[in-house]
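Read the structure below first, then the notes.
Since every read-out is calculated from the coordinates, none of them should be taken as a lab result. In this text, all values refer to a predicted model and were calculated from it rather than measured experimentally. Cβ coordinates were reconstructed from backbone atoms using ideal geometry, including for glycine residues, and neighbour counts include every protein chain displayed.
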Amino acid sequence: MPYVIVSIGGQEVDRRPVADVMVIGRASDAQIRVHDSSMSRRHCIIEPLGTQWFARDLGSKNGTSLNGRNIHSEKLEHGDMLRIGRTKIQFLVTKFEAAPPRAKRQSERPEEPGGADGHHGLSDTSLDLSSTRLPLPQPKAPK
């Protein structure tokens, strides 16, 4: 069964098997939903036709390219690369392989922030500010 690898900026963001028609776009009902402002809500589809697979642009504003060529509808082969906006989608016809574990980035928060006693650097006291009124900002006087 074929599968796709979705990458943005060289970073893999999704990997999934392709079993039926898959809509690619920003819409909430797209099977492959990507937050890419240069992608249409329903940008293109990957669809089976007999035993072959095709990529078809759905009239998107910015178009769909396959291996560097703009397409309307084109047969997909193992290793083909779709480019939709800033997103790349590689089509693979082989046994599905799960994504390798992601290396922990320094910008990610630690899994267990705090000590073994369960305290996280916060004091046991709390402040009730519900009755505190904060001053409202006032417009500057004209000069």
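Key figures
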{"item": "Theoretical gain in end-to-end length, GLN52 to GLU12 [0.36 nm per residue, Cα-Cα removed]", "result": "11.9 nm"}
{"item": "Computed label-point distance, nm, for sites ALA19 and HIS72 using a 7 Å Cα→Cβ extension", "result": "3.3 nm"}
{"item": "Förster radius 22 Å - calculated FRET efficiency between HIS35 and VAL93, Cβ distance, rounded to 0.05", "result": "0.20"}
